[in-house]
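Written below as structure tokens is the structure these notes are about.
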Amino acid sequence: MILNVNNASFSYDGITKQFEDISLSLRRGEVLSLLGRNGTGKSTLIKCILNILRLQGGAVEIDGRRVADMRPEEVARQVGYVPQAHRAVFPFSALDFVLMGRAPHISAFSVPKEEDYEKAEEAFERIGITHLREKSISEMSGGESQMVMIARALAQEPSLLILDEPTSHLDVGNQMKTIATIDQLAADGIAILMCTHFPDHAFLVSHSAAILNKGRLIAQGRAEDVITKENLREAYGVDICVHYIKEAGRTVCIPMNPCGCRGREVA
Amino acid sequence: MTRGKEPTVEAGQEPGESVTINLPWIASHGGMPVHEAVLRFIPAGKAIYLLPVALFLFSLFFGRYMMDPVETFRILVIGSVNAFFDGASSLLSAASGQQVLLPSFEQTWGASEQTVVFQIRLPRLIAAMLVGGGLAIAGASFQGLFRNPLVSPDILGVSAGAGFGAALGILLSGNPWVIQVSAFFFGILAVAVTYGIGRAIGKGSTLVLVLGGIIVGSLFSAFISLTKYVADPYDTLPAIVFWLMGSLSAVSNADIVAVAPPILLGALCLYLVRWRINLLAVGEEEAQALGLDTKRMTVVLIIASTVITASAVCISGIIGWVGLVVPHIGRMLVGPDFRKLIPVSAVIGASFILIVDDIARTLTVAEIPLGILTSLIGAPFFAYLLTRKKVGWIS
């Protein structure tokens with residue numbers, strides 16, 4: 001097990017629990033999708049796994065070691081993090097940006113060496129965005145900057161990759177590209193934890209899924225067992241149709257018309 | 001020059017080099033043709049390091065007391081060697097207990113030239129470079145730390161604090177040493193209070209730090225006004241006003257000896273962590289996820305920048321604009337990577353103050369305060385640059 005979360009609970013103010021009693025585990029090469037409505041504590045859980053926030057109860061273990069006992073750079077050598085979106089203030093080039101992923105491998109007073117450049121180049125090649133190397137991140141489209149952020153996380157050489165809603169602000173084409181990239185990385189042996197608002201994406205790549213609702217996991221297990229009409233209704237408060245579409249070759253989740261919205265009917 | 005692109009150069013061509021724009025350790029990086037790599041290796045990025053040297057030599061003979069360039073360099077070189085031998089002689093004499101006289105070159109120039117070069121211009125030019133380079137580096141680091149290109153080194157209140165310290169010193173004593181020490185002390189104190197507010201309210205969040213800086217800055221500005229209000233309008237008030245406008249006219253060799261170590265130490269510190277400033281500049285949370293101890297880094301940047309700024313301000317008075325704008329000029333030249341930005345900012349800042357100080361001491365019979373000129377020259381120049389070149393943060 002690369003990731004073990006045991007009975008984790010967290011609260012910002014010591015009174016209201018953001019989440020409690022969360023237990024998860026993840027092997028190398030496995031993809032776990034974390035579902036749940038906005039504000040249920042998915043991002044908080046991620047920060048606790050990264051040891052940016054400290055758990056009040058329970059423990060997070062990475063490769064058998066408690067993150068609470070690890071130094072920041074030790075965590076960063078194991079866990080790569082891809083945030084939802086990057087707000088660029090300074091127009092770093094993609095290469096400079098991806099090089100930053102080498103930080104946990106570079107000592108405090110040092111700068112990237114030849115080897116670090118090679119690793120950065122590898123990360124570019126691995127997800128096929130070498131052409132973006134010189135482009136400034138402030139001039140990139142959402143899809144491009146998403147890929148560059150994944151490349152930066154790969155430059156860390158992590159055994160666990162955590163993605164916070166990697167597809168949320170992308171067009172459908174880029175959504176599928178990102179999902180395909182995630183699938184390929186998992187096939188290479190990286191464990192992947194991703195938060196997502198798209199249950200169908202979980203079907204595309206996940207080995208397992210978990211649903212967080214009101215700070216607790218209401219379901220956890222194989223994607224087919226977790227992503228069901230009943231669980232989705234509980235999680236999102238709307239009725240959702242879960243269907244295998246033969247033509248598309250995948251299972252999709254479509255919310256039912258909730259209130260008789262006046263869409264055009266097609267026979 | 002292209003941002004972030006490093007040249008392909010044979011490894012070991014310039015081993016052990018410390019202050020360069022393009023470090024030659026990326027041997028097998030990129031597939032650039034050799035001539036392009038060589039071209040990339042020589043120009044703009046490196047030539048800029050010669051700028052302050054050239055300006056320094058020029059400023060040494062240039063002034064209202066105009067000197068012959070060749071003669072000036074002779075005085076500088078031979079005079080320095082003589083001074084060195086003098087020092088060595090007295091040191092050896094003291095050590096061995098008997099009179100030791102090392103040979104020295106004959107002084108072929110007058111006492112007034114000697115004074116102009118060694119007592120007046122040399123300390124002043126060194127001060128100009130220390131202040132300009134120091135403020136520019138501190139500004140660049142703060143812009144990275146606060147992820148905001150509109151930040152200047154006095155964002156945490158160091159200038160207001162130092163200004164009050166100086167005003168208080170002028171009011172109570174008038175002794176230049178007292179004024180400088182008081183300025184330095186209150187500059188540091190102001191930032192310490194700001195940091196305390198930041199820790200107490202915002203748990204070290206940079207936004208609360210900036211707010212704390214605004215609070216402390218306006219508090220000390222009020223104190224400055226108070227000292228002006230109670231000051232003698234014929235004597236201490238003008239002294240306070242002129243001090244606040246900034247000037248290098250009174251800088252002595254002793255001042256340099258006092259402020260050079262803290263400025264250089266602070267600068268070295270920022271230079272060493274320069275690449276890690278990149279991480280902070282992309283966002284605190286992302287930096288943490290990349291394994292950076294952001295709290296410690298923040299403290300390091302604040303201490304180094306504050307020591308630099310307080311030291312600079314206590315010999316020069318308040319000189320605005322340099323710390324804000326020079327990093328922008330640096331980014332236009334070498335891009336946002338702090339690896340290059342930190343050294344380039346230092347060089348541009350030093351050059352800028354050298355030029356402005358040359359103008360300040362030669363344009364009119366009376367000296368023009370430096371703080372006025374930096375803005376008077378810097379502002380239009382920056383506006384011009386903005387019209388000429390695309391800047392990343394203006395989309």
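The values are calculated or read from the model by the stated rules, or taken from the named source; none is laboratory data. It should be emphasised that the depicted structure is a prediction, and the values quoted were computed from it without experimental measurement. Every residue, glycine among them, receives a Cβ derived from its backbone with ideal geometry; neighbour counts consider all protein chains shown.
Being within 30 Å of B:Leu125 (Cα to Cα) and either at pLDDT 90 or above or not in a helix (DSSP H, G or I) (or both) holds for only one residue in B:Ser225, B:Ser221, and it is B:Ser221. Among the residues making up region A:98-113, those that are part of a helix (DSSP H, G or I) and at the interface with another protein chain (Cβ under 7 Å from one of its Cβ atoms) are A:Met100, A:Gly101, A:Ala103, A:Pro104. Within 23 Å of the chain's Cα centre (by Cα), among the hydroxyl-bearing types (Ser, Thr, Tyr) and within 14 Å of another protein chain (Cβ to nearest Cβ), is that true of B:Tyr195? Criteria not met by B:Tyr195.
Looking across B:Leu373, B:Leu386, one residue alone is without any contact (Cβ under 8 Å) to a residue 24 or more places away in the chain, away from every other protein chain (no Cβ under 14 Å), among the hydrophobic types (A, V, I, L, M, F, W, C) and over 24 Å from B:Gly165 (Cβ atoms). It is B:Leu386. The set of residues in region B:151-179 that are touching a residue at least 40 places away in the same chain (Cβ under 8 Å), touching a Leu at 6+ places or on another chain (Cβ under 8 Å) and of a type outside the set (Gly, Ala, Ser) comprises B:Val151, B:Pro153, B:Leu156. Criterion first (in contact (Cβ under 8 Å) with a residue 40 or more places away in the chain, more than 12 Å from every other protein chain (Cβ to nearest Cβ), among the charged types (D, E, K, R) and over 23 Å from A:Ile129 (Cα atoms)) does A:Asp63 satisfy it? When the stated conditions are applied, A:Asp63 passes them. State all residues of region A:80-97 that are within 8 Å of chain B (Cβ to nearest Cβ) and β-branched (Val, Ile, Thr); if no residue qualifies, say none. Listed by number, the list holds a single entry, A:Val89. When B:Lys295, B:Lys228 are checked against the criterion of being basic (Lys, Arg) and away from every other protein chain (no Cβ under 14 Å), B:Lys228 stands alone in meeting it.
Can you name every residue in region B:91-115 that is among the acidic types (Asp, Glu) and loosely packed, with under 13 Cβ neighbours inside 10 Å?
Of the residues in region B:91-115, the ones among the acidic types (Asp, Glu) are B:106, B:113.
Once the filter is applied, which keeps residues that are among the acidic types (Asp, Glu) and loosely packed, with under 13 Cβ neighbours inside 10 Å, region B:91-115 yields only B:Glu106.
Do we find that A:Glu247 is farther than 29 Å from A:Ser11 by Cα and free of Cβ contacts under 8 Å to residues at least 12 places away in the same chain in this structure? Yes; evaluated as a whole, the condition is true for this residue. In the set (1) more than 8 Å from chain B (Cβ to nearest Cβ); (2) part of a helix (DSSP H, G or I); (3) within 26 Å of B:Gly335 (Cβ to Cβ), the condition left unmet by A:Ala68 is number (3). A:Tyr81 meets the conditions (1) within 21 Å of the chain's Cα centre (by Cα); (2) assigned to a helix (DSSP H, G or I); (3) under 26 Å from A:Ser168 (Cα atoms) in every case but one. The failed one is (2). Consider A:Ala123 against the criteria (1) facing chain B (nearest Cβ under 9 Å); (2) crowded, with 17+ Cβ neighbours inside 10 Å: it satisfies all of them except one. Which criterion is unmet? Unmet condition: (1). When region A:181-215 is filtered for residues that are of a type in the set (Asp, Glu) and closer than 21 Å to A:Asp225 by Cα, the ones remaining, listed by number, are A:Asp183, A:Asp200. Any residue in region A:184-202 that is in contact with a His (Cβ under 9 Å, 6 or more places away or on another chain) and at pLDDT 90 or above? Within region A:184-202, one or more residues are in contact with a His (Cβ under 9 Å, 6 or more places away or on another chain) and at pLDDT 90 or above. Just one residue in the set A:Ser159, A:Ser168, A:Ser136 is of a type in the set (S, T, N, Q) and farther than 28 Å from A:Arg27 by Cα; that residue is A:Ser136.
Show me the helices (runs of 4 or more DSSP H) entirely contained within region A:163-267 in which 1 or more residues are of a type in the set (Lys, Arg) and touching an Asp or Glu at 6+ places or on another chain (Cβ under 7 Å). Let's see the steps before the verdict.
On the way: elements: A:172-187, A:199-205, A:223-226, A:229-236.
Because the criterion is at least 1 residues that are of a type in the set (Lys, Arg) and touching an Asp or Glu at 6+ places or on another chain (Cβ under 7 Å), the helices (runs of 4 or more DSSP H) in region A:163-267 that meet it are A:229-236.
Criterion first (surrounded by 13 or more Cβ atoms within 10 Å (Cβ to Cβ), at positive phi and modelled with pLDDT under 90) does B:Gly63 satisfy it?
Yes.
Taking interchain pairs and intrachain pairs at least six residues apart, which have beta carbon atoms under 7 angstrom, with the first residue in region A:70-98 and buried (at least 19 other Cβ atoms within 10 Å of the Cβ) and the second hydroxyl-bearing (Ser, Thr, Tyr) and assigned to a helix (DSSP H, G or I)? Cβ pairs passing all conditions: A:His86/A:Ser145; A:Ala88/A:Ser138; A:Pro91/A:Ser138.
Can B:Gly291 be described as on the phi > 0 side of the Ramachandran plot and in contact with a Pro (Cβ under 7 Å, 6 or more places away or on another chain)?
Values: on the phi > 0 side of the Ramachandran plot: yes; in contact with a Pro (Cβ under 7 Å, 6 or more places away or on another chain): yes.
Here the answer is yes, as B:Gly291 does meet what is asked.
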